[in-house]
Every structure is written in C-alpha cells, then in structure tokens.
1. Pull out all pairs, ordered by first then second residue, where Cβ-Cβ is under 7 Å, the residues are six or more apart or on different chains, the first lies in region 154-178 and is closer than 26 Å to A20 by Cβ, and the second is of a type in the set (S, T, Y) and modelled with pLDDT of 95 or more.
2. Within the bounds of region 123-139, is there any residue that is within 25 Å of V3 (Cα to Cα), surrounded by 14 or more Cβ atoms within 10 Å (Cβ to Cβ), over 17 Å from the mean Cα position of the chain (by Cα) and not aliphatic (A, V, I, L, M)?
3. Would you check which residues across region 31-51 are within 14 Å of the chain's Cα centre (by Cα) and more than 21 Å from L80 (Cα to Cα) and list them?
4. Quick one: which residue in T98, T66, T104 is at pLDDT 95 or above and hydroxyl-bearing (S, T, Y)?
5. Any residue at all in region 54-68 that's β-branched (V, I, T), touching a Lys or Arg at 6+ places or on another chain (Cβ under 7 Å) and part of a loop (DSSP other than H, G, I, E, B)?
6. Looking at region 155-187, which of the residues that are modelled with pLDDT under 95 and basic (K, R) is surrounded by the most Cβ atoms within 10 Å (Cβ to Cβ)?
7. All but one of (1) outside any strand (DSSP E or B); (2) within 17 Å of the chain's Cα centre (by Cα) hold for D178, so report the exception by its number.
8. Quickly run through region 121-148 and pick out the residues that are at pLDDT 95 or above and either part of a loop (DSSP other than H, G, I, E, B) or among the aromatic types (F, W, Y) (or both).
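The values are calculated or read from the model by the stated rules, or taken from the named source; none is laboratory data. All of these numbers come straight from a predicted model, not from anything done at the bench. So basically every Cβ, Gly included, is an ideal-geometry build from the backbone, and we count neighbours across all protein chains shown.
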Amino acid sequence: MTVALILAGGRATRFGADKAFAMLHGQPLVAHLIACLRPQLSQIAISANGEPSRFSAYQLPVLADTLPERGPLAGIAAGLGWAQAQGAAWMLSVPVDTPLIPATLLADLSPGPSVAVHAGRQHHLVALWPVSCLPALNDLNDAPGDHRVRDALALCHARPVTFIAANDPFLNINTPDDLDRAAAGLR
C-alpha cells in the first residue's frame, strides 16, 4: 500500500503567508493537491507545524515535525512514521506549493524509490519513499551537520524519473509572482 504526504511545514518567508491557504482559481493550494491525490491514493496526511486545526476542513491527519530544525527532512520522517503505522510500504511526498502535479504522479513515479525531474531539475520533495528507509533517515536526522533531502534520497537509492512537459508540473510557488504563473498554468 502507498500513502501520500503533503508537506506544508515551511515558514513561507519569501511568500509572506501560509502557502497552504494561498488561493489559486478559488481554492487553497492544499485543496488542489488533495483533489489531485485522492483519486491516486486512499490515505493522505499533511505535515505542518503550527495550529493543526487550520486544516480541519480537510479531515486528514496533521503531523507535526518532531525535529523542526531539520526542515523538510523532519516532515519526511514524521510522514514515514505515520505511513509505517498505517501498514504502508511506500509514501508519496509532495510539497504544498506544487499544485500543478500530474494526475498520474504515483503511477509515473512507480516503482520507487524515485524522485521527479523536469527540464534537468530534480524536485527532491516530489518523491516516492520506501517506508523501510525510515531508520536510515532517522540516523541521518540524528547525525550532526547540515543534511539535505537529496542526501536522504541517496540513502534510499531513489532513481530520477523525468517528466516531459512544456510547463513545469512541479513549479514551486515561492512568491506571489509564482502564484500568478501557476494560475496561468492551470488555464
């Protein structure tokens, strides 16, 4: 079984507001991702710090980071722990600021472990993670030093999967201008 994790724990310093609730064509970004992921996966959780009740309308588990200083790696670890508790073998991760993901993302990334690539750029957080890599990820998070998501992907032996599309399906919305570009991409 595969589950999904929407990573919404970032500080959004460049955007200036909680990106999960930035409006795109009348819906929050988080709603776009849930709508795309629901037909692909039966179980979805949200990784987010702060008040979890802000996501209550979506009736999904909200997982807080136990190691917030580790950034997205903490979210991935929390998600893998949740996935393991659900009896899942795989977890698909997607950042909340990538609302243009393909409707076939899980199938496209299967078999895992894998990570999405578009136009030569690896999108580290759009990945299919084996739950079995949780102990190695926990060891990485416990080790001193600055660790990146790409380090964790290497530990899991994730293979790159290239997506061919005119527009980047993994466009990160980091600024209001990026939100405008995403709106143009959904037309």
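1. Close Cβ pairs (under 7 Å, with a partner that is of a type in the set (S, T, Y) and modelled with pLDDT of 95 or more) amount to A158/S114; V161/S114.
2. Restricting attention to region 123-139, the residues satisfying the condition of being within 25 Å of V3 (Cα to Cα) are 123-139.
Those still in the list that are surrounded by 14 or more Cβ atoms within 10 Å (Cβ to Cβ) too: 123-131, 133-134, 137-138.
Next, from what is left, pick out any that are over 17 Å from the mean Cα position of the chain (by Cα): 138.
This time we only want the ones that are not aliphatic (A, V, I, L, M), so: 138.
Scanning region 123-139 turns up at least one residue that is within 25 Å of V3 (Cα to Cα), surrounded by 14 or more Cβ atoms within 10 Å (Cβ to Cβ), over 17 Å from the mean Cα position of the chain (by Cα) and not aliphatic (A, V, I, L, M).
3. Once the filter is applied, which keeps residues that are within 14 Å of the chain's Cα centre (by Cα) and more than 21 Å from L80 (Cα to Cα), region 31-51 yields A31, H32.
4. Values: T98 fails: at pLDDT 95 or above; T66 fails: at pLDDT 95 or above.
Every option except T104 fails the conditions.
5. So the first thing to find is which residues in region 54-68 are β-branched (V, I, T), and the list is 62, 66.
Applying the additional criterion that residues be touching a Lys or Arg at 6+ places or on another chain (Cβ under 7 Å) yields none.
Looking through region 54-68, none of the residues is β-branched (V, I, T), touching a Lys or Arg at 6+ places or on another chain (Cβ under 7 Å) and part of a loop (DSSP other than H, G, I, E, B).
6. Ranking the candidates gives R181 first.
7. (2)
8. Result: W129, single match.
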